[in-house]
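One structure below.
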Amino acid sequence: MQRLMLTSDAFENNGKIPARHTCDGKNISPTFRISGVSSHTRSLALIMDDPDVPKQVRADGIWNHWVRFNIPSDTTAIAEGKEPDGNAGIGTAGNSTYHGPCPPDREHRYFFKLYALDAILNLPVGATKVDVERAMSGHILAQAELIGRYERKR
């Protein structure tokens, strides 16, 4: 059985995210490829977050950069600078679209998490990451993760 995979032409897992995909560049999303989606999948969800935020910036230490849900299960690619079909969630900055890396202090890790779900989530556009995670509970068939790293040039 093929496993769910999320890859990018822009960077390898644990590799450096190119500046064009950050606040130091064009701040556009990288290209992504999706494979291994089971025929039982009804929708996909994609969450990008940064768990390395200084506690004085965010008490929980996490910045949510991108939240998308109810992405069609037959999606195999997300083009550079494009939002996938589906519903936009809301990020920490109040953004409803991709919000690239912009670490304030040092190198941060950015987790792109893809979920294959056996349901369409009954959530409104603008749902938070917490809302999406709660709604996904008990519906996750598979999960894939791609980690990128970025440090600003000073």
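Since every read-out is calculated from the coordinates, none of them should be taken as a lab result. Since the model is a prediction, treat every value here as computed from it, not as a measurement. Positions of Cβ are generated from backbone atoms using ideal geometry, with glycine treated the same way; all protein chains shown enter the neighbour counts.
Answer yes or no: is there a residue in the range 79-87 that is touching a residue at least 60 places away in the same chain (Cβ under 8 Å) and not acidic (Asp, Glu).
Checked the range 79-87: no residue is touching a residue at least 60 places away in the same chain (Cβ under 8 Å) and not acidic (Asp, Glu).
Look at the range 97-123 and say how many of its residues are over 19 Å from Thr22 (Cβ atoms) and either polar (S, T, N, Q) or in contact with a Cys (Cβ under 7 Å, 6 or more places away or on another chain) (or both).
The number of residues fulfilling the criteria is 1.
Where the second residue is among the hydroxyl-bearing types (Ser, Thr, Tyr) and part of a loop (DSSP other than H, G, I, E, B) and the first is under 22 Å from Pro103 (Cβ atoms) and lies in the range 19-42, which pairs have Cβ atoms under 6 Å and are six or more apart or on separate chains?
Ser29/Tyr98
Check off (1) under 22 Å from Tyr150 (Cα atoms); (2) assigned to a strand (DSSP E or B); (3) in contact with a Gly (Cβ under 9 Å, 6 or more places away or on another chain) for Ile28 and give me the number that stays unchecked.
It fails just one condition, (2).
Identify, from the list Arg134, Arg154, Arg149, the residue that is over 16 Å from Gly89 (Cβ atoms) and without any contact (Cβ under 8 Å) to a residue 60 or more places away in the chain.
Step by step, each of Arg134, Arg154, Arg149 is checked, and only Arg154 is over 16 Å from Gly89 (Cβ atoms) and without any contact (Cβ under 8 Å) to a residue 60 or more places away in the chain.
If Ile90 meets every condition in (1) touching a strand residue (DSSP E or B) at 6+ places or on another chain (Cβ under 8 Å); (2) of a type outside the set (Ser, Thr, Tyr); (3) under 21 Å from Arg42 (Cβ atoms) apart from one, which number is that one?
Single failed check for Ile90: (3).
Filtering the range 5-57 down to residues that are farther than 26 Å from Asp85 by Cβ and β-branched (Val, Ile, Thr), which residue is farthest from the chain's Cα centre (by Cα)?
Checking each candidate, the answer is Val57.
What number goes with the only condition from (1) out of contact with any Cys (no Cβ under 7 Å at 6 or more places or on another chain); (2) closer than 19 Å to Thr7 by Cβ; (3) touching a residue at least 40 places away in the same chain (Cβ under 8 Å); (4) of a type outside the set (D, E, K, R) that Pro72 does not pass?
(3)
Select, from Ala144, Ala119, Ala127, Ala135, the only residue that is of a type in the set (A, V, I, L, M) and over 18 Å from the mean Cα position of the chain (by Cα).
Matching residue, one of Ala144, Ala119, Ala127, Ala135: Ala119.
Return the only residue of Ala93, Ala10 being touching a His at 6+ places or on another chain (Cβ under 7 Å) and either free of Cβ contacts under 8 Å to residues at least 40 places away in the same chain or β-branched (Val, Ile, Thr) (or both).
After ruling out the rest, the residue left standing is Ala93.
This table checks each residue for (1) within 17 Å of Asp105 (Cβ to Cβ); (2) touching a Ser or Thr at 6+ places or on another chain (Cβ under 6 Å).
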residue	(1), (2)
Lys26	no, no
Thr41	no, yes
Met48	no, no
Val53	yes, no
Gly61	yes, no
His65	yes, no
Phe69	no, no
Ala77	no, no
Glu80	no, yes
